[in-house]
Structure formats: C-alpha cells, structure tokens
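Q: Shown below is the structure under consideration.
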Amino acid sequence: MEITITKSDFEQALPVGAAANESVYESVKPALGRQLAFSNDALLGVAGMAYLEEKGEDSPLLRWYKQLVCLSAFLSVLHQLDLVLTPTGFGVVNNDNLTPASKQRVDALEGELRTQYHKTLAMTLNLLRSENWGATEQARHFIGHLYDEYTFFFETHRNATYTDWNGYQQTIEEAEETLRTRMGDSQMDDILDAFRRGDPNRLEPYREMISLIVKFTDTWATKGGATLRAPVSHRLMRILDCDDNKEFFKLYRESSNYQANHHEAFKNTKDSAGYVFNG
C-alpha cells in the first residue's frame with residue numbers, strides 16, 4: 001500500500017493547521033514526506049505495512065496512522081515556521097502586514113499537539129497489536145510495558161498531558177521491575193508477547209492478571225514500595241500461586257522466583273545439617 005498525506009488529511013488530523021490558503025500544508029509538506037518514510041520503517045515495518053494493507057484504506061488504523069504522521073511532522077518544524085493566529089487556527093506569515101504569534105501562544109500550541117501526538121500514538125499502537133506485528137522489534141520497542149500509552153491516556157488518566165505521561169515512566173518501570181522479581185522475566189515476557197500480538201486465546205487467562213498489574217502500577221505511583229503490602233499485591237500473588245492456574249503460569253512455576261517465594265524457613269532441629277546446639 002502506498003500511503004499519501006493530502007491537504008485534506010493534514011487538516012483533518014491537525015485542525016489548527018487549517019488556513020484560507022495552503023501555506024501551512026505547503027510549509028510542512030517536506031517534513032510530511034520525511035516523517036512518513038521514517039514511520040513506515042521505524043513503527044510499521046514490513047509486518048505493520050502488511051497489516052495496514054489488510055485492514056484497507058477506510059480502516060481506523062490508517063486514519064490514526066495518518067494523523068500520527070501529520071502531528072509528528074508538524075511538531076518537527078513548528079519552531080521553524082512564522083505562525084500567525086487565524087480564525088481557523090494557525091497560518092504562516094506571508095506578508096508584512098501579519099505579525100507572528102507570540103512565543104507563549106506557540107508554546108501552548110506545542111503542548112497541546114504533543115499531548116495529542118501521544119494519544120494518537122497510543123491509539124495507533126493499540127490498533128496495530130496483531131499476530132505478526134506483535135512479534136517484531138518495532139512492537140517490542142513501542143510497547144515495552146503492559147502499562148502502555150493506551151492504558152494511560154484512554155483508561156486511567158484520560159485528562160492527562162504528555163508531561164504527565166513522561167513523568168509516569170519511572171513509576172511504570174519501577175512497578176514492572178518489582179513484579180518481575182516476583183513472577184520472573186519469562187512469565188512477564190510471555191504476558192507481554194500475548195498482549196502485543198493481541199492473541200485472544202493466549203490473553204484470556206491473563207486478563208485478570210493484566211488488570212491487576214495496571215492497578216498495581218497506579219498504586220505504586222502513590223505508595224511506592226508499600227504497594228507490596230497492599231491488597232492488590234496480595235490478590236496478584238494469590239492468582240499466581242493458585243494451583244488451579246498452574247498451567248496458565250507455568251513459566252512462573254518453573255522459575256527461581258517461584259522457589260524464592262516459597263522457600264521454607266530453616267528449622268533448627270537435631271536432624272538439620274546446620275543444627276546449632278544452644279546448651
């Protein structure tokens with residue numbers, strides 16, 4: 001599939017770029033071409049391009065992807081343009097009678113666009129989750145945690161900004177690393193792989209666990225290490241350790257993490273090799 005970004009695509013994706021003439025679109029057009037080529041390779045890859053073609057030209061995935069490219073391209077040249085406030089959004093200064101928008105207005109616009117960029121990326125990634133794309137390096141790079149951008153912007157923090165998302169990264173990483181020490185890397189990686197591939201059969205036994213991981217992460221944001229003593233942590237571990245779930249969490253059962261979670265405390269008896277006589 002050959003993807004093209006028209007002026008109509010640009011204005012639908014970026015209403016602030018609409019103007020009475022094509023000045024904004026023409027100014028951004030070179031960046032659109034560069035960003036499209038980059039995203040086709042860095043985000044979609046061969047598997048993503050094939051999946052996009054499979055979904056078709058009227059698919060929500062293609063619409064969100066085009067919007068993502070437009071936002072990324074516009075942001076890449078935002079500070080190179082002499083923008084002016086117009087009744088329909090922002091235009092480009094093209095005569096001596098127009099005054100560029102103030103730095104404050106441009107900075108405010110940039111903040112809004114960066115937030116919209118991350119929301120659009122979140123939706124695009126969520127729609128890309130599929131068997132072949134989910135197995136790629138692109139998927140592993142862009143969906144590095146079960147607590148992903150879609151979860152943050154569309155489920156748990158709907159009014160958040162891009163700065164909130166950036167500030168949440170440490171929370172996500174700390175919470176996941178803590179959970180990896182409890183269930184093991186292999187088990188967490190298998191849940192992540194099923195999530196990236198959007199495989200309903202593999203995901204079904206993991207759905208409650210994924211929900212608890214999200215809740216664990218949000219609790220970690222306010223309680224930190226104390227989250228390990230919170231109900232969500234106890235519930236999560238009960239599910240992992242339940243014998244009824246041993247086949248679902250087989251990788252956990254086979255890990256050294258499981259052994260560490262269930263080691264028996266040393267009993268000082270006469271039959272113990274390390275018996276200590278206290279007199």
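The values are calculated or read from the model by the stated rules, or taken from the named source; none is laboratory data. Remember, it's a predicted structure, so these values are computed and weren't measured experimentally. Positions of Cβ are generated from backbone atoms using ideal geometry, with glycine treated the same way; all protein chains shown enter the neighbour counts. Accessible surface is based on the protein model in full, side chains and every heavy atom, while ligands, DNA and RNA are left aside. Shrake-Rupley method; radii C 1.70, N 1.55, O 1.52, S 1.80 Å.
Q: Does Glu155 count as out of contact with any strand residue (DSSP E or B) (no Cβ under 6 Å at 6 or more places or on another chain) and closer than 28 Å to Ser39 by Cα?
A: On the way: out of contact with any strand residue (DSSP E or B) (no Cβ under 6 Å at 6 or more places or on another chain): yes; closer than 28 Å to Ser39 by Cα: yes.
Against the criterion (out of contact with any strand residue (DSSP E or B) (no Cβ under 6 Å at 6 or more places or on another chain) and closer than 28 Å to Ser39 by Cα), Glu155 qualifies.
Q: Follow-up. Of the numbered conditions (1) farther than 26 Å from Thr156 by Cα; (2) at pLDDT 95 or above, Ile239 fails exactly one; give the number of that condition.
A: Of the numbered conditions (1) farther than 26 Å from Thr156 by Cα; (2) at pLDDT 95 or above, the odd one out for Ile239 is (1).
Matching residues to (1) within 30 Å of Lys55 (Cβ to Cβ); (2) at pLDDT 90 or above; (3) assigned to a loop (DSSP other than H, G, I, E, B):
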{"position": "Asp96", "(1), (2), (3)": "no, no, yes"}
{"position": "Thr99", "(1), (2), (3)": "no, no, yes"}
{"position": "Gln104", "(1), (2), (3)": "no, no, no"}
{"position": "Asp107", "(1), (2), (3)": "no, no, no"}
{"position": "Gly111", "(1), (2), (3)": "no, yes, no"}
{"position": "Arg114", "(1), (2), (3)": "yes, yes, no"}
{"position": "Leu121", "(1), (2), (3)": "yes, yes, no"}
{"position": "Leu125", "(1), (2), (3)": "yes, yes, no"}
{"position": "Glu131", "(1), (2), (3)": "yes, yes, yes"}
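Q: Given the structure, is Leu61 without any contact (Cβ under 8 Å) to a residue 60 or more places away in the chain, in a helix (DSSP H, G or I) and in contact with a Leu (Cβ under 9 Å, 6 or more places away or on another chain)?
A: Values: without any contact (Cβ under 8 Å) to a residue 60 or more places away in the chain: no; in a helix (DSSP H, G or I): yes; in contact with a Leu (Cβ under 9 Å, 6 or more places away or on another chain): yes.
No; evaluated as a whole, the condition is false for this residue.
Q: For Leu240, indicate whether it is under 14 Å from His145 (Cβ atoms), open to solvent by less than 20 Å² (accessible area, probe 1.4 Å) and in contact (Cβ under 8 Å) with a residue 40 or more places away in the chain. If you could, list the steps in order and put the result at the bottom.
A: Numbers: under 14 Å from His145 (Cβ atoms): no; open to solvent by less than 20 Å² (accessible area, probe 1.4 Å): yes; in contact (Cβ under 8 Å) with a residue 40 or more places away in the chain: yes.
Against the criterion (under 14 Å from His145 (Cβ atoms), open to solvent by less than 20 Å² (accessible area, probe 1.4 Å) and in contact (Cβ under 8 Å) with a residue 40 or more places away in the chain), Leu240 does not qualify.
Q: Just to be sure before I move on: is Ala160 surrounded by 21 or more Cβ atoms within 10 Å (Cβ to Cβ) and either touching a Phe, Trp or Tyr at 6+ places or on another chain (Cβ under 6 Å) or in a loop (DSSP other than H, G, I, E, B) (or both) in the structure I sent?
A: Details: surrounded by 21 or more Cβ atoms within 10 Å (Cβ to Cβ): no; either touching a Phe, Trp or Tyr at 6+ places or on another chain (Cβ under 6 Å) or in a loop (DSSP other than H, G, I, E, B) (or both): yes.
Taking the combined requirement at face value, the residue does not satisfy it.
Q: Follow-up question, since we're still on this one. Can you name the residue in the stretch 211-227 that is over 22 Å from the mean Cα position of the chain (by Cα) and surrounded by fewer than 16 Cβ atoms within 10 Å (Cβ to Cβ) and, of all such residues, is farthest from Ala139 (Cα to Cα)?
A: If we filter the stretch 211-227 for residues that are over 22 Å from the mean Cα position of the chain (by Cα), which is where we start, we get 223, 225-227.
Still in the running and surrounded by fewer than 16 Cβ atoms within 10 Å (Cβ to Cβ): 223, 225-226.
Values: Lys223: 30, Gly225: 30, Ala226: 32 Å.
Result: Ala226.
Q: Right, Thr181: touching a residue at least 40 places away in the same chain (Cβ under 8 Å), open to solvent by 50 Å² or more (accessible area, probe 1.4 Å), among the β-branched types (Val, Ile, Thr) and over 22 Å from Lys119 (Cβ atoms) or not?
A: The answer is yes for Thr181.
Q: Here is a follow-up. Which one of Ala194, Ala175 is more than 23 Å from Asp243 (Cβ to Cβ) and either without any contact (Cβ under 8 Å) to a residue 60 or more places away in the chain or not aromatic (Phe, Trp, Tyr) (or both)? Step through it out loud before you land on a result.
A: Values: Ala194 fails: more than 23 Å from Asp243 (Cβ to Cβ).
From the options Ala194, Ala175, the qualifying one is Ala175.
Q: Further question on the same structure: Can you tell me which residues in the stretch 31-49 are modelled with pLDDT of 95 or more, small (Gly, Ala, Ser) and surrounded by 15 or more Cβ atoms within 10 Å (Cβ to Cβ)?
A: Ser39, Gly45, Ala47, Gly48
Q: Can you tell me which residue in the stretch 52-67 is nearest to Ala122 (Cα to Cα), limited to those that are open to solvent by 40 Å² or more (accessible area, probe 1.4 Å) and under 20 Å from the mean Cα position of the chain (by Cα)?
A: The first filter runs over the stretch 52-67 and keeps only residues open to solvent by 40 Å² or more (accessible area, probe 1.4 Å), leaving 53-55, 57-58, 60, 63-64, 66.
Next cut, under 20 Å from the mean Cα position of the chain (by Cα) only: 60, 63-64, 66.
Numbers: Pro60: 13, Arg63: 13, Trp64: 10, Lys66: 13 Å.
If we take residues in the stretch 52-67 being open to solvent by 40 Å² or more (accessible area, probe 1.4 Å) and under 20 Å from the mean Cα position of the chain (by Cα), then Trp64 is nearest to Ala122 (Cα to Cα).
Q: Take Glu208 and tell me if it is open to solvent by 30 Å² or more (accessible area, probe 1.4 Å), of a type in the set (Asp, Glu) and either in contact with a Leu (Cβ under 7 Å, 6 or more places away or on another chain) or closer than 26 Å to Lys246 by Cα (or both). Walk me through how you get there before you give the answer.
A: Details: open to solvent by 30 Å² or more (accessible area, probe 1.4 Å): yes; of a type in the set (Asp, Glu): yes; either in contact with a Leu (Cβ under 7 Å, 6 or more places away or on another chain) or closer than 26 Å to Lys246 by Cα (or both): yes.
Judged against the criteria, Glu208 is a match.
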